[in-house]
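Here is the structure we will look at, set down as structure tokens.
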Amino acid sequence: MVTFGVTHVLAIDDFSSKIVGRATMPVKNNLTIYSDVYRSAVMEYGMWDQVRVDHGKEFYLTLFMQEKLADHRHNTETPPYQQTPSTKNHTIERIWQEVNNRVNYPLEAALVQLVDQEELDMEDRITRFCVSSLTCQLAQLGVSRTVEAWNAHRIPGKGIPSYLARDGCPKKLSPDYLPAASVAADWYDQEVGSLTQVSHFGTNPFESAQDQEAAEMEFALQCPDTDVLLDNAVNNLPQPFKDGLKGLIDITRRHSQHY
């Protein structure tokens with residue numbers, strides 16, 4: 001749902017087919033992917049012998065760190081990473097149908113309807129910010145549910161991903177080797193060159209943190225359970241999500257500098 005400021009990155013263990021890392025963000029970002037997907041997975045499961053990604057620039061920091069830590073792998077005979085066309089990342093590609101059907105398509109359909117009915121102006125900065133913020137929140141919940149179900153399901157002839165991955169990778173790595181994303185990005189800049197560290201979809205319109213907090217509190221009173229918005233959308237009842245989004249836009253506009 002890149003058009004609406006929502007994108008996902010998932011990491012899957014090729015041996016067990018367990019999804020070991022995930023992140024939902026407005027725009028694919030090197031630092032977020034390194035921190036929330038690669039770093040968190042290595043810290044929990046151990047050092048991967050090889051990382052395979054497509055040719056997207058958003059993986060540069062992850063591949064830089066994977067190569068930097070290559071000597072700490074269990075099997076050092078293989079290249080630390082491979083970049084192949086996305087159509088050839090076979091294992092992970094099977095997951096996207098689940099994510100699309102359970103999460104992306106229902107939310108995207110509701111947003112497209114609002115645009116077609118001219119109830120959303122995606123050129124408006126506040127609208128872009130609100131659409132991305134709320135949809136990312138719901139999509140993150142949906143992906144979390146999908147991942148939990150996937151990791152617990154039985155794959156015929158193979159087993160249950162969570163059980164197969166219970167021991168993790170043979171080589172464990174101390175967190176000392178995995179710096180925070182900002183530090184890793186500084187290393188990249190020093191050793192390789194400039195790295196895009198911040199990617200925006202919609203600009204935060206609030207003049208102060210207090211204004212944003214006030215808007216969030218008002219929206220929480222108006223819509224105390226955002227889970228319901230997702231539950232209805234995935235069951236072909238998109239109106240609560242539409243109404244919640246329009247309410248968020250109105251609240252944000254009143255509390256922002258553009259009111």
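The values are calculated or read from the model by the stated rules, or taken from the named source; none is laboratory data. Please read these numbers as outputs of a predicted model, since none were measured by experiment. Positions of Cβ are generated from backbone atoms using ideal geometry, with glycine treated the same way; all protein chains shown enter the neighbour counts.
Structure above, values below:
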| read-out | value |
| --- | --- |
| Which numbered condition Leu111 fails, given (1) at pLDDT 95 or above; (2) farther than 26 Å from Asn235 by Cβ | (2) |
| Residue among Met47, Met1 that is touching a Cys at 6+ places or on another chain (Cβ under 8 Å) and not polar (S, T, N, Q) | Met47 |
| Qualifying positions in region 160-182 - assigned to a helix (DSSP H, G or I) and hydrophobic (A, V, I, L, M, F, W, C) | Leu164, Ala181 |
| Number of positions in region 42-58 that are within 18 Å of Val183 (Cβ to Cβ) and surrounded by 21 or more Cβ atoms within 10 Å (Cβ to Cβ) | 1 |
| Failed item, numbered, when Leu61 is tested on (1) over 20 Å from Asn100 (Cβ atoms); (2) of a type outside the set (D, E, K, R); (3) modelled with pLDDT of 95 or more; (4) out of contact with any helix residue (DSSP H, G or I) (no Cβ under 6 Å at 6 or more places or on another chain) | (4) |
| Region 219-234, subset assigned to a helix (DSSP H, G or I) and without any contact (Cβ under 8 Å) to a residue 60 or more places away in the chain, residue farthest from Asn104 (Cα to Cα) | Leu221 |
| Candidates Ala110, Ala180, Ala165 - the one that is exposed (fewer than 13 other Cβ atoms within 10 Å of the Cβ), in contact with a helix residue (DSSP H, G or I) (Cβ under 8 Å, 6 or more places away or on another chain) and of a type in the set (Gly, Ala, Ser) | Ala180 |
| His74 being farther than 30 Å from Arg254 by Cα, modelled with pLDDT of 90 or more and surrounded by fewer than 15 Cβ atoms within 10 Å (Cβ to Cβ) | yes |
| Residue match in region 101-108 (condition: of a type in the set (D, E, K, R), without any contact (Cβ under 8 Å) to a residue 60 or more places away in the chain and either closer than 22 Å to Leu229 by Cβ or assigned to a helix (DSSP H, G or I) (or both)) | no |
| Search result, residues across region 201-249 that are acidic (Asp, Glu), more than 25 Å from Arg102 (Cα to Cα) and surrounded by 15 or more Cβ atoms within 10 Å (Cβ to Cβ) | Asp211, Glu216, Glu218 |
| Restricting region 115-142 to residues that are among the polar types (S, T, N, Q) and in a helix (DSSP H, G or I), the residue that is farthest from Phe201 (Cα to Cα) | Gln140 |
| Subset tally (residues that are out of contact with any helix residue (DSSP H, G or I) (no Cβ under 9 Å at 6 or more places or on another chain) and either in contact (Cβ under 8 Å) with a residue 12 or more places away in the chain or assigned to a loop (DSSP other than H, G, I, E, B) (or both)) for region 208-218 | 1 |
| Residue in region 7-26 that is in contact with an Asp or Glu (Cβ under 6 Å, 6 or more places away or on another chain) and not small (Gly, Ala, Ser) present | yes |
| All positions within region 1-58 that are within 30 Å of Lys242 (Cβ to Cβ) and in a helix (DSSP H, G or I) | Val2, Thr3, Phe4, Thr32, Asp36 |
| Residues located in region 183-200, provided they are surrounded by fewer than 13 Cβ atoms within 10 Å (Cβ to Cβ) and in a loop (DSSP other than H, G, I, E, B) | Val192, Gly193, Ser194, Val198 |
| Condition check for Leu245: closer than 30 Å to Ala110 by Cα and assigned to a helix (DSSP H, G or I) | yes |
